[in-house]
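The structure appears below as structure tokens.
The values are calculated or read from the model by the stated rules, or taken from the named source; none is laboratory data. Please read these numbers as outputs of a predicted model, since none were measured by experiment. Heads up, the Cβs are rebuilt from the backbone with ideal geometry, glycines too, and the neighbour counts pull from every protein chain shown. Ligands, DNA and RNA are excluded from the accessible area calculation, which covers all protein heavy atoms including side chains. Shrake-Rupley method; radii C 1.70, N 1.55, O 1.52, S 1.80 Å.
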Amino acid sequence: VCAISRLTHKACEIIKKTHNIKNMTNKKALIIGANGTIAKALEASISGEYGVSKVSRANCDYSELGLSSIAESLKKAEPFQLIINTIGVLHDDVVVPEKRLSQLSADKLAHYFYVNTILPSLCIKYFHGLLDKTHTSVYVNLSAMVGSIEDNRTGGWYGYRSSKAALNMMVKTASVELHRVNPKACLVCMHPGTTKGSLSRPYASNVADDRYYTSAQSAERIMHVVAQLNASQTGQFFNWDGKPIPW
Ligand SMILES: NC(=O)c1ccc[n+]([C@@H]2O[C@H](COP(=O)([O-])OP(=O)(O)OC[C@H]3O[C@@H](n4cnc5c(N)ncnc54)[C@H](OP(=O)(O)O)[C@@H]3O)[C@@H](O)[C@H]2O)c1
């Protein structure tokens, strides 16, 4: 049944019909920040293989009450083999990436940390309990290469970089605790690659064509890495090609 459950939804349906199997469950995934560019491409890419549940501003205010009631309702069904948090902000009506120290402000830094660090951390708090405990389960947080402290050679983007670096530390720390309560789980950060969409569009002129990927490409690569992850890699920060990124 374990091997069969890795087949696509369609294949499972055929096998179920042929062998008259009624109780075989398919894999389940939760996408957080579900209306974003990469999230939508992920949903399109996995929806044959996984039953997909979604959390977004459309159905959640990200208050502790809102998150806990969604977690409770999702707990009633089968466990999840995959959770992908895509929440993140680089620019919106509150922030634009800072180029100089003189552009820092408490309110804007707080916004970066609220969206890029605090919301994903609260999601881990409320949703880690949904992960499958009997089979390998993977919880991916989309971080960013610019959140690597070691890789920072160009400076700038203070709030975005720092809030993603803080997210990385939250994920690393939570992975240690999660390993104790669910040894089958793998909790990681991943850089999706620079992806065409509203988040990157204002900065597209600085990106070489061959390093600027469609959301479908990024989704496919994220899932390629996910397929190779297991609990032994928990607490790491991966590039879209599966190579580890230095913290
Ligand atoms: N695109 C790139 O080139 C790139 C590169 C490196 C890293 N990343 C990271 O990859 C992730 C996805 O990127 P993307 O291009 O798909 O970005 P996107 O289209 O802007 O999607 C990000 C999602 O984050 C959620 N979000 C944003 N502000 C929020 C707020 N104030 N409160 C709650 N949720 C909020 C929204 O989800 P809902 O609207 O569904 O609520 C939004 O759709 C982000 O974490 C980003 O930092 C992207």
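Of all residues being part of a loop (DSSP other than H, G, I, E, B) and under 17 Å from Tyr139 (Cα atoms) in region 64-102, which is nearest to the ligand (Cβ to nearest atom)? Just the residue, please. Among those that are part of a loop (DSSP other than H, G, I, E, B) and under 17 Å from Tyr139 (Cα atoms), it is Gly88. Looking at region 92-112, is at least one residue surrounded by fewer than 17 Cβ atoms within 10 Å (Cβ to Cβ), closer than 23 Å to Cys186 by Cα and not aliphatic (A, V, I, L, M)? Among the residues of region 92-112, not one is surrounded by fewer than 17 Cβ atoms within 10 Å (Cβ to Cβ), closer than 23 Å to Cys186 by Cα and not aliphatic (A, V, I, L, M), which makes the answer no. Considering every residue within region 108-131, establish whether at least one is assigned to a loop (DSSP other than H, G, I, E, B), more than 12 Å from the ligand (Cβ to nearest atom) and modelled with pLDDT of 95 or more. The answer is no, given that none of the residues of region 108-131 is assigned to a loop (DSSP other than H, G, I, E, B), more than 12 Å from the ligand (Cβ to nearest atom) and modelled with pLDDT of 95 or more.
Does Thr134 count as at negative phi, of a type in the set (Ser, Thr, Tyr) and not in a helix (DSSP H, G or I)? When the stated conditions are applied, Thr134 passes them.
Using the structure shown, decide if Tyr139 is assigned to a helix (DSSP H, G or I) and within 16 Å of the ligand (Cβ to nearest atom). Considered against the rule, which asks whether it is assigned to a helix (DSSP H, G or I) and within 16 Å of the ligand (Cβ to nearest atom), Tyr139 comes out as no.
Of all residues assigned to region 70-79, none qualifies as being open to solvent by less than 20 Å² (accessible area, probe 1.4 Å) and within 23 Å of Lys196 (Cβ to Cβ). Quick check on my filter: what residues within region 170-181 are in contact (Cβ under 8 Å) with a residue 60 or more places away in the chain and surrounded by fewer than 19 Cβ atoms within 10 Å (Cβ to Cβ)? Lys172 - this is the single residue of region 170-181 that is in contact (Cβ under 8 Å) with a residue 60 or more places away in the chain and surrounded by fewer than 19 Cβ atoms within 10 Å (Cβ to Cβ). Against the list (1) closer than 28 Å to Glu72 by Cβ; (2) within 9 Å of the ligand (Cβ to nearest atom); (3) in contact (Cβ under 8 Å) with a residue 60 or more places away in the chain, the condition Ala231 fails is (2). Filter region 217-235 for residues that are under 15 Å from the mean Cα position of the chain (by Cα) and within 19 Å of Gly88 (Cβ to Cβ); which is most open to solvent (accessible area, probe 1.4 Å)? The residue in question is Arg221. Within region 182-202, restricting attention to residues that are in contact (Cβ under 8 Å) with a residue 40 or more places away in the chain and either open to solvent by 80 Å² or more (accessible area, probe 1.4 Å) or farther than 22 Å from Met223 by Cα (or both), the residue that is nearest to the ligand (Cβ to nearest atom) is Lys196.
Among the residues of region 213-235, those that are closer than 17 Å to Ala185 by Cβ and either touching a Leu at 6+ places or on another chain (Cβ under 9 Å) or charged (D, E, K, R) (or both) comprise Val226, Thr234, Gly235.
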